[in-house]
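In what follows, a single structure is set out as structure tokens and then discussed.
The values are calculated or read from the model by the stated rules, or taken from the named source; none is laboratory data. Here the structure is a predicted model, which is why all the values come from computation and not from measurement. FYI the Cβ positions are ideal-geometry reconstructions off the backbone, even for glycines, and counts take in every protein chain you see.
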Amino acid sequence: MFCDQLTDLLSALWHKEVTKSILKEENMQLSEFVVTLFTGKANQNNITVAAVMGLNALKQGLSATILLMVEAVEFSVPDATKGIDIGAPFKEVGGIWEQFMEMGGQVCICDACLTHNGFTKDQIDKRYEIIGGGEVIALLSEAKGTLQIT
């Protein structure tokens, strides 16, 4: 029994150290709640729900990240969420997004998705973090809760 507990403890410590070493090279912070968005401007309902849920997590006292993957990297350029309004009961996404950022929310962008979709790092809002696959896994595996929006 003691050996099993020791093995579990060593495994957990190793996982934490690997995660720390991955994050050391990035400005990305782990979050308690992560919303992963896969769709772009063609589905404005999804960006609306992502912004609302991210903001609600912050209002509940959780740290929160919105992770932009696949076509959702379209939202990584400055002001990309402004003017998106699907109607009641939701507010315009640009305002929700700014409130999310002002309250300490983090936006991360999949580096490979960015490149694949023809964007360059120079086009990206400077407040956002561009992250690789290892950071994506660390972010999701360390979160207390996640929401995947496709």
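Of everything listed in (1) closer than 20 Å to Asn27 by Cα; (2) buried (at least 16 other Cβ atoms within 10 Å of the Cβ), the single unmet condition for Ala72 is (1). Do we have Gly95 as out of contact with any Ser or Thr (no Cβ under 6 Å at 6 or more places or on another chain), part of a helix (DSSP H, G or I), farther than 20 Å from Val136 by Cα and free of Cβ contacts under 8 Å to residues at least 60 places away in the same chain here? In short, yes.
The residues on offer are Thr81, Thr65, and the sole one that is out of contact with any Leu (no Cβ under 9 Å at 6 or more places or on another chain), buried (at least 18 other Cβ atoms within 10 Å of the Cβ), at pLDDT 95 or above and not charged (D, E, K, R) is Thr81. Entry remark, segment 85-135: residues being of a type in the set (Gly, Ala, Ser) and in contact with a Leu (Cβ under 8 Å, 6 or more places away or on another chain) number 2 in total.
Restricting the search to segment 75-117, which residues are among the aromatic types (Phe, Trp, Tyr) and under 21 Å from Lys59 (Cα atoms)? Scanning segment 75-117 gives Phe90, Trp97, Phe100. Can you say whether Ala112 is over 20 Å from Val34 (Cα atoms) and free of Cβ contacts under 8 Å to residues at least 24 places away in the same chain, as far as the supplied structure shows? No.
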